[in-house]
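For reference, the structure discussed in these notes is given below.
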Amino acid sequence: MDVICISLSGSMISGEKGVNVKFIKKLADLFKKYSKDYKFIVTVGGGYSNRLYIDSTRSIITNNSVLDQIGIAFTRINALVLKDLFSELAVYPNVVTTMEELKQAVSTSSVVVMGGLIPGISTDAVSALACEAMNGKMLINASSIAYVYDKPPEQPGAKKLERLTHQQMLELAYKYDSRVAKSSFIFDLFACRIAQRANLEIRFVSDSIEDLEAALQGKDHNGSTVK
């Protein structure tokens, strides 16, 4: 059975108003629909609470490793929420915290949920590593930004890229990924390198379940594709 890896922005799970239960239930319904065709590995970021802590403590906590550890804690809280709201699925009973545990989890369950693993490694990179380890070929990245841009999208004249190669993606990551806690580049440098060596097709989507399903099916969708 094919493995599909999905990297979810934490902001899609937890925001200023709390947990986005409506979206998570739609996601669970989508997984249920395709449970006979795929196994899903889902990684989730830290979201609003993580950003609040990082932004408010960066002036007094100068060690980025410590800030990363705070972020990892929040990713695992979000992962725990996902896991419990996926209770009607054949979901692995624990939030996976090591690559060794991942192999056992995928062998016994249809849905596996992860947060961060170690400081300096984003949840996007965790998703790429998990996909490579389990011989997956497609990684879907879902966040508030569905497209890769030729420069930060907030800058004047930024152009969205619908199709690009792994090498093009790497060049953008070299230029714009700062590798500090809460770095804002759409897919970090380490994740790009892993995706390239594993020859993963990356499909970027927004918070639209319809676009996520289209990406899952390999159909045209609103968002960039890297291959």
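The values are calculated or read from the model by the stated rules, or taken from the named source; none is laboratory data. Note that the structure is predicted; figures quoted are calculated from it, not measured. Reconstructed Cβ throughout: ideal geometry from the backbone, glycine too, with neighbour counts over all protein chains shown.
Brief remarks follow.
- Residue count for the stretch 198-211, restricted to those that are out of contact with any helix residue (DSSP H, G or I) (no Cβ under 7 Å at 6 or more places or on another chain) and not in a strand (DSSP E or B): 5
- Candidates ASP220, ASP211, ASP177, ASP207, filtered to the one that is over 27 Å from THR57 (Cα atoms), of a type outside the set (Val, Ile, Thr) and without any contact (Cβ under 8 Å) to a residue 60 or more places away in the chain: ASP220
- In the stretch 65-98, the residues that are in a helix (DSSP H, G or I), within 16 Å of the chain's Cα centre (by Cα) and not charged (D, E, K, R): GLY71, ILE72, ALA73, PHE74, THR75, ILE77, ASN78, ALA79, LEU80, VAL81, LEU82
- GLU132 meets each of the listed conditions (1) under 24 Å from LEU172 (Cβ atoms); (2) crowded, with 22+ Cβ neighbours inside 10 Å apart from (2).
- Of all residues making up the stretch 9-22, the number that are part of a loop (DSSP other than H, G, I, E, B) and at pLDDT 90 or above: 3
- Considering residues of the stretch 118-137 that are part of a loop (DSSP other than H, G, I, E, B) and over 20 Å from PHE86 (Cβ atoms) only, the residue nearest to the chain's Cα centre (by Cα): SER122
- Of residues in the stretch 148-181 being part of a loop (DSSP other than H, G, I, E, B) and crowded, with 18+ Cβ neighbours inside 10 Å, the one modelled with the lowest pLDDT: ALA181
- Residue within the stretch 141-148 that is touching a Leu at 6+ places or on another chain (Cβ under 9 Å) and aliphatic (A, V, I, L, M) present: yes
- Only one of the listed residues (VAL42, VAL3) is part of a strand (DSSP E or B), touching a residue at least 12 places away in the same chain (Cβ under 8 Å), of a type outside the set (Gly, Ala, Ser) and in contact with a Lys or Arg (Cβ under 6 Å, 6 or more places away or on another chain). That residue is VAL3.
- Residue ID - nearest to the chain's Cα centre (by Cα), chosen from residues in the stretch 138-147 that are buried (at least 16 other Cβ atoms within 10 Å of the Cβ) and in a loop (DSSP other than H, G, I, E, B): SER143
- Scanning the stretch 195-220 for residues that are among the aliphatic types (A, V, I, L, M) and surrounded by 21 or more Cβ atoms within 10 Å (Cβ to Cβ) yields ALA195, LEU200, ILE202, VAL205, LEU212, ALA215, LEU216.
- Within the stretch 55-64, the set of residues being surrounded by 14 or more Cβ atoms within 10 Å (Cβ to Cβ) and either touching a strand residue (DSSP E or B) at 6+ places or on another chain (Cβ under 7 Å) or in a loop (DSSP other than H, G, I, E, B) (or both) comprises ARG58, ILE61.
- Filter result (surrounded by 22 or more Cβ atoms within 10 Å (Cβ to Cβ) and at pLDDT below 95) within the stretch 92-111: none
- Of note, LYS25 does not satisfy the criterion of being at negative phi, modelled with pLDDT of 95 or more, touching a helix residue (DSSP H, G or I) at 6+ places or on another chain (Cβ under 8 Å) and charged (D, E, K, R).
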